[in-house]
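What follows is a short report on a single structure.
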Ligand code: HT7
Ligand code: ZN
């Protein structure tokens, strides 16, 4: 399929300042009448071009006169003589048959829309591009019993009751011009948790979170997060909410996490519904983070939107950065930063190192849905974070103020963003712009020497070629570093923020009169891979003394990686773990940090460090190290379990940290294999007050071959039958198991009555999770790859976006031995050779094969 290129961008020939839509709803056949006020944009004689997909057009009119329309593929051209016109259509669509979950679709009897990126064209004829902004009036009419609640963007207007056939209607108007990807409609039998918020200028906003009546109490955490986000955006960015109502709807069938439609956010229920019984601490954090993210889009995405989809990171990178800042402010900032870095390195670094690498502003794509990636989102956020570090908090605020002042109501580019930052702060961001163009993760090699009482450090940056980008130029980045006394364990002098620009940057620390160790890339100030020599003793020392939490955690990770790369005795790692655990028990470190630092790097992350992934060797060495840590510190783990368990259901950072550390302790104890540990896990499972503790026990048991495991798995399924988000956990925990029968179990689970490929969450919970199980997905006979290929092709007929995501793990074929590589390629080739495979999947599989 043909690529769309940034270089071919041209402004829209016709603008649509006003749109009126009238929906006559029914699941089988919805009639959509549209009235578009169109205006010629510039001096040309080109026709109005509209997009449409699977639309049955019953009539079209131009300035009140019927016209014949003949679509060519998914495009329609209408020749217009004057400079303005009214274009009207009536189309018929079928939400019940829409399994792609784009456009208007049915989910559990409700009707819901998803329009980003290009779903509006499946609702009616329209120039479906983000640089066409319109004011919308929307009338929704439907059966009053089936669809008692009718929602759309903006503020609610006229209500019509008692219409013929038991129908009713509501009209909504949204005064803020918006691109069609932000349009939304929801209809169904919904109940709301209601609240209110008074904005900084004293306006009242009615807040409502809509779900089934039974789930209303489970929306409280999301509501609290929404109000906290509204207050935070006012305090930190001076941004106020701009409508009288803010509605959120939770749905079970959703392709992504959530959607920021103006005034009517639609969420995957996984990111709204939470109570201690059913949601883990990390689920609670996920709810707050995603609610904040979607709310923050109101300014970064909605009031100022993207000119074209190449600029996606303009809204996504910036909004992820803002939600990360918010979450850091709400809890333990250090642990949040470590979690964000762990996520970035687990997903984005491999993406940047493989065939799917692309810059945060790509210059071509085939299917835009394939570009909602960790690079656009998470590397995009790292780029914004670097800007924040370079210009400082006050400069950054001046930059965002200017950006909003210049571009409110516009569809703009990443260049407009950087230019505003530059103008507001007077900084030169010329070279910084390379981050937007270059794909791949830079490497920074660190060389250190002593010279006449000085410590001289040379930072050498380099970058390997990525597909289609052979030459890489040095990038501008802030590199935070400090010296730690090798004897005292204290920081020597001030931390430096070194601005790296050249290939080689020389840094001098004067008058250093004691031996030192380098604390590098503190706070993970630049998203790079560090190459620095350090002995295990030095790493263990930094893991015990570095005063920057990210650098301290990183020292422990590097120590673990060094030990896990060989068959050496893991004693050095065991004592570093012991020292950190003791610092926690002595109250010198908070429990959440200790829990984080105790976690060994995952098998995939260990694999990412080597040129070729040694699947069996990594698993064997990591299991051996886990056992050594478990048995070598058994008494300490029991003490930690006693100290940290029983923290109730509170969601304070201290209680969450305690639960985390207690569950790490339990996992090690179960790994050591004593009958007492199995009994403790079983008791914790049965008496848990929180899902965190219940899942902690279940995850510890799932890798064992014990009656406790089988009993707890069976109980879990029975106890939470019907709760989708929890049953997803039941699938995932089994898919991630280290047991040798995991593949057979996953095959059986794929035939389980609760499994369904039509629900994206369920598909991800089993097949997506299994593909992250390095040991068993990469079974040498290729059975894991076949399972993925089978599922991918089956899903593609139903939901191409879901299917395309499943191709990603196969794209790592170059990193494995020849036999596995060939088996992975064989699945990708099978996919590309399948007749009528979707454009989404074809693009992903073809790129993955390169
Ligand atoms: N901006 C939203 C993106 C999104 C999406 C993209 C493709 C297909 C379905 C989708 N649902 C939502 C989500 C966000 O970043 O806030
Ligand atoms: Zn977003």
If each residue of separation counts as 0.36 nm, what is the full-extension length gain between residue 445 and residue 7 once their alpha-carbon separation is subtracted?
154.2 nm
Of all beta bridges DSSP finds with both residues in the chain, what is the antiparallel percent, to the nearest 5?
80
Set the Förster distance to 56 Å, then compute FRET efficiency between residue 92 and residue 705 from the Cβ-Cβ distance, nearest 0.05.
0.50
Between residue 234 and residue 822, what's the calculated FRET efficiency when r is the beta-carbon distance and R0 is 45 Å? Round to 0.05.
0.20
With a ≥ b ≥ c from the Cα gyration tensor eigenvalues, square-rooted, and the rule rounded for a/c under 1.5, otherwise prolate when a/b > b/c and oblate otherwise, region 4-273 is prolate
Using the Cα gyration tensor of region 97-189, with a ≥ b ≥ c the square roots of its eigenvalues, what is the shape: rounded (a/c below 1.5), prolate (a/b larger than b/c) or oblate (neither)?
oblate
Listing 297, 44, 476 by rising number of other beta-carbon atoms within 10 angstrom, fewest first, gives 44, 476, 297
Quick numbers on region 104-147, Rg and Dmax over C-alpha atoms in Å, give 12.8, 38
Mind running the shape call on region 305-437? Use the C-alpha gyration tensor, a ≥ b ≥ c as the square roots of the eigenvalues: rounded below 1.5 for a/c, prolate if a/b tops b/c, oblate otherwise.
oblate
When only alpha-carbon atoms are used, what values of Rg and Dmax, in angstrom, describe region 136-230?
15.0, 45
Per-pair calculated FRET efficiency, R0 = 35 Å: residue 143 and residue 39 via Cβ, rounded to 0.05:
0.40
If one takes the longest principal axis of the Cα atoms in the chain, at what angle in degrees, from 0 to 90 and to the nearest 10, does the Cα axis of helix 380-407 lie?
30
If you split all Cα-Cα distances of the chain into 20 Å bins from zero, what percentages do you get per bin, shortest first?
14, 47, 33, 6, 0
Explain nothing, just the number: relative contact order of the chain, from Cα pairs under 8 Å at least 6 residues apart, as a whole percent.
8
How do 4, 492 rank when sorted from fewest to most other Cβ atoms within 10 Å of their own Cβ?
4, 492
Could you calculate the contour length gain from residue 452 to residue 714, that is, 0.36 nm times the residue separation minus the distance between their Cα atoms, to one decimal place in nm?
87.5 nm
Using only alpha carbon pairs under 8 Å that are at least six residues apart, calculate the relative contact order of region 390-532 and give it in whole percent.
24
Theoretical gain in end-to-end length, residue 203 to residue 510 [0.36 nm per residue, Cα-Cα removed]
104.9 nm
Roughly what % of DSSP beta bridges within region 4-273 run antiparallel, to the nearest 5?
80
Treat each spin label as a single point 7 Å out from the Cα along the C-beta direction, and report the residue 781 to residue 224 distance in nm.
5.0
Given points 7 Å out from each Cα along the Cα-Cβ axis, report the residue 689 to residue 486 separation in nanometres with one decimal.
4.9
Taking the number of other C-beta atoms within 10 Å as the exposure measure, put 326, 716 in order starting with the fewest.
716, 326
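Each value in this text was obtained by applying a stated rule to the coordinates, not by laboratory testing. Quick caveat: nothing in here was measured; it's all calculated off a predicted structure. Quick reminder, even Gly has a Cβ in these numbers, built from the backbone with ideal geometry, and neighbours come from all protein chains shown.
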